[in-house]
Amino acid sequence: MHDFKYKGNSLYCESIRVEDLSKKVATPFYLYSYKTLIDHFRKLKKAFRSINPLICYSMKANSNLAICSSLVKEGAGLDIVSGGELFKATKSGVSPKKIVYASVGKTQKEIQQALKIGILFFNVESEAELENINRVARNLKKDAKVAIRINPDVEPKTHQYITTGRLTNKFGIDFRTAKNIFLKRKEFRNLKINGLHIHIGSQIIKSAPFVSAIKRVANFVAELKKELIDLEFLNIGGGLGIIYKDEKPQTADEFAKAVLPILKQTGLKIILEPGRFIAGNAGILVAKVLYIKKTKAKTFVIVDAGMNDLIRPALYSAYHEILPIEHRAFPRLRSGQASIEHRKKVDIVGPICESADFFAKDRLLPRINEGDLLAIMGAGAYGFSMSSNYNCRSRVAEVMVIKNKFFITRKRETYNDLIRGETIPSILK
Ligand code: LLP
């Protein structure tokens with residue numbers, strides 16, 4: 001599943017002992033395994049090989065240039081949601097013809113940039129946006145390729161904040177409105193509307209919601225065909241869930257087996273936009289224990305990473321496994337967990353001034369001492385990419401391990417980075 005494994009008492013990332021690395025890179029830092037990243041991409045590619053889809057890695061999961069360019073080298077395209085991601089995508093070496101662009105709020109400037117670069121297509125989320133892209137394309141004397149993002153109104157059974165395919169969500173266009181758009185598509189003279197897109201949510205662990213959404217869209221493709229409307233692309237989005245705790249998500253093969261028959265029926269070129277499935281288990285956050293604080297109610301393990309570095313527990317009550325980087329004093333089971341009698345219930349918290357600043361609550365963990373290093377697992381997706389400077393904390397370094405070598409793929413920010421661009425009005429001086 002991933003290449004963070006114990007050898008003896010020490011946690012390794014591929015062939016590098018994490019403790020050794022943390023003597024060279026100050027904690028906290030994100031640590032990525034190249035092999036895990038690529039393995040996950042290949043698993044998906046292999047599962048879908050019979051239709052050879054374009055797999056556009058969703059940059060929002062982790063847009064570090066090393067991560068993106070590793071995947072691009074493997075043949076991935078990129079799924080973007082902003083001008084900033086477009087900028088980073090171009091730096092990753094991806095061909096513009098492999099970039100797809102979603103977002104309910106693309107600005108005029110962002111649309112212009114994407115048209116100039118010549119991306120594969122926009123995933124369009126409203127009629128107003130369609131009109132805007134048409135206008136911008138006309139001014140640039142270009143044609144824009146567009147896929148309509150359908151909101152298929154299915155329940156993906158995931159956290160409400162990452163559910164995107166219900167009609168109460170802001171995303172996509174309902175079937176009826178979409179049909180009307182296709183019927184009057186000639187009015188949009190600078191648009192080539194030749195694709196459909198869905199993305200029903202994230203961390204979806206069963207195939208059933210995907211199957212039901214894709215079936216609805218496949219029926220819609222057939223309905224359009226009857227009106228002599230031919231399409232070229234079907235983009236089925238991302239959303240594949242991974243293991244954080246004890247989930248049993250569908251494997252890439254199971255997912256492919258469930259959806260391939262419907263996808264083949266459509267006869268369209270298929271695009272996938274996975275983020276978490278590829279990057280999630282390829283990264284950990286390494287943190288150091290600063291203090292152990294015992295109160296009448298709790299034992300708090302205070303670490304040097306905070307919710308600004310990894311916001312998922314605070315925002316979605318997300319579970320991330322926490323493992324010691326070295327097992328010193330106590331025996332452990334093969335899984336890396338200490339035997340039950342040596343575990344204690346603790347809260348793992350950060351230094352930030354918020355009670356939501358925690359990584360685990362009432363978690364049974366091997367006895368932890370000040371100075372110990374901890375691995376917060378499953379932090380490769382939506383970890384660094386959602387981090388912030390809250391409490392004026394510098395964003396942490398990112399490190400990639402390839403076999404027995406490590407590379408700093410993003411330097412830790414300095415205090416000067418914290419004031420970059422800020423000025424005090426001269427009249428206040
Ligand atoms: N395509 C579109 C249009 C998306 O909106 C997303 C994610 C993806 C693809 C990739 O989804 P994935 O394969 O990674 O599930 N911050 C949340 C997840 C938000 C997902 C937003 N959209 C989290 O930490 O759980």
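Can you pull out every residue in region 133-161 that is among the polar types (S, T, N, Q) and closer than 21 Å to Gly105 by Cβ?
Asn134, Asn139, Asn151, Gln160
Residues being under 16 Å from the mean Cα position of the chain (by Cα) and at negative phi: count how many of those fall in region 223-243.
Result for region 223-243: 6.
Could you grab the pairs with beta carbons closer than 6 Å, sequence gap of 6+ or different chains, first residue in region 383-400 and part of a loop (DSSP other than H, G, I, E, B), second one surrounded by fewer than 17 Cβ atoms within 10 Å (Cβ to Cβ)?
Ser394/Arg412; Ser394/Glu413; Arg395/Glu413; Val396/Arg412
Within 30 Å of Val100 (Cα to Cα), away from the ligand (no atom under 16 Å from the Cβ) and open to solvent by 10 Å² or more (accessible area, probe 1.4 Å): is that true of Asp253 in this structure?
For Asp253, the condition - within 30 Å of Val100 (Cα to Cα), away from the ligand (no atom under 16 Å from the Cβ) and open to solvent by 10 Å² or more (accessible area, probe 1.4 Å) - is met.
Taking the options Ile284, Ile270, Ile311, Ile205, name whichever one is open to solvent by less than 40 Å² (accessible area, probe 1.4 Å), of a type in the set (A, V, I, L, M, F, W, C) and either in the same structural domain as Asn151 (by TED's automatic domain parsing) or under 30 Å from Phe122 (Cβ atoms) (or both).
Going through Ile284, Ile270, Ile311, Ile205 in turn, the sole match is Ile270.
Please give the number of the condition Glu19 fails out of (1) surrounded by fewer than 17 Cβ atoms within 10 Å (Cβ to Cβ); (2) farther than 20 Å from Ala379 by Cβ; (3) among the charged types (D, E, K, R); (4) in contact (Cβ under 8 Å) with a residue 40 or more places away in the chain.
It fails just one condition, (2).
I'm checking my understanding of the structure. Among residues of region 280-294 that are within 14 Å of the ligand (Cβ to nearest atom) and in contact with a strand residue (DSSP E or B) (Cβ under 8 Å, 6 or more places away or on another chain), which one is farthest from Ala47 (Cα to Cα)?
Leu285
Residue under question is Leu196, and the condition is that it be of a type outside the set (Gly, Ala, Ser) and assigned to a strand (DSSP E or B); does it hold?
Against the criterion (of a type outside the set (Gly, Ala, Ser) and assigned to a strand (DSSP E or B)), Leu196 qualifies.
Among the residues of region 172-193, write down those that are touching a residue at least 12 places away in the same chain (Cβ under 8 Å), open to solvent by 50 Å² or more (accessible area, probe 1.4 Å) and assigned to a loop (DSSP other than H, G, I, E, B). Walk me through how you get there before you give the answer.
Here is the first cut: in region 172-193, the ones touching a residue at least 12 places away in the same chain (Cβ under 8 Å) are 172-175, 177-179, 181-183, 185, 188-193.
Right, trim to open to solvent by 50 Å² or more (accessible area, probe 1.4 Å) and you get 174-175, 183, 185, 189, 192.
Asp174, Arg189 - these are the residues of region 172-193 that are touching a residue at least 12 places away in the same chain (Cβ under 8 Å), open to solvent by 50 Å² or more (accessible area, probe 1.4 Å) and assigned to a loop (DSSP other than H, G, I, E, B).
Please work out which residue is nearest to the ligand (Cβ to nearest atom), limiting yourself to region 212-244 and to residues that are among the aliphatic types (A, V, I, L, M) and over 17 Å from Phe175 (Cβ atoms).
So, considering only residues that are among the aliphatic types (A, V, I, L, M) and over 17 Å from Phe175 (Cβ atoms), the one nearest to the ligand (Cβ to nearest atom) is Leu240.
Within region 27-40, can one find any residue that is of a type in the set (A, V, I, L, M) and surrounded by fewer than 22 Cβ atoms within 10 Å (Cβ to Cβ)?
yes
Conditions tested, residue by residue: (1) within 16 Å of the ligand (Cβ to nearest atom); (2) open to solvent by 30 Å² or more (accessible area, probe 1.4 Å); (3) more than 30 Å from Met59 (Cα to Cα); (4) at pLDDT 95 or above.
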| site | (1), (2), (3), (4) |
| --- | --- |
| His342 | no, yes, yes, no |
| Pro351 | no, yes, no, yes |
| Ser385 | yes, yes, no, yes |
| Asn391 | no, yes, no, yes |
| Ile402 | no, yes, no, yes |
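Inside region 1-66, counting only strands (runs of 3 or more DSSP E) that do not spill past its ends, which hold 2 or more residues that are among the hydroxyl-bearing types (Ser, Thr, Tyr)?
10-13, 29-33, 54-58
Tell me, which strands (runs of 3 or more DSSP E) lie completely within region 219-317 with 2 or more residues that are in contact with a helix residue (DSSP H, G or I) (Cβ under 8 Å, 6 or more places away or on another chain)?
Details: elements: 233-235, 269-272, 283-294, 299-303.
Fully inside region 219-317 and qualifying: 269-272, 283-294.
What is the one condition in (1) open to solvent by 10 Å² or more (accessible area, probe 1.4 Å); (2) assigned to a loop (DSSP other than H, G, I, E, B) that Tyr161 does not satisfy?
Every condition holds for Tyr161 apart from (2).
Answer yes or no as to whether Glu247 is among the charged types (D, E, K, R) and within 16 Å of the ligand (Cβ to nearest atom).
It is true that Glu247 is among the charged types (D, E, K, R) and within 16 Å of the ligand (Cβ to nearest atom).
The values are calculated or read from the model by the stated rules, or taken from the named source; none is laboratory data. Source: prediction; values computed, not measured. Because the Cβ atoms are built from the backbone with ideal geometry, glycine has one as well, and the counts that use them run over all protein chains shown. We work out accessible area using only protein heavy atoms, side chains counted, and drop any ligands, DNA or RNA first. Shrake-Rupley method; radii C 1.70, N 1.55, O 1.52, S 1.80 Å.
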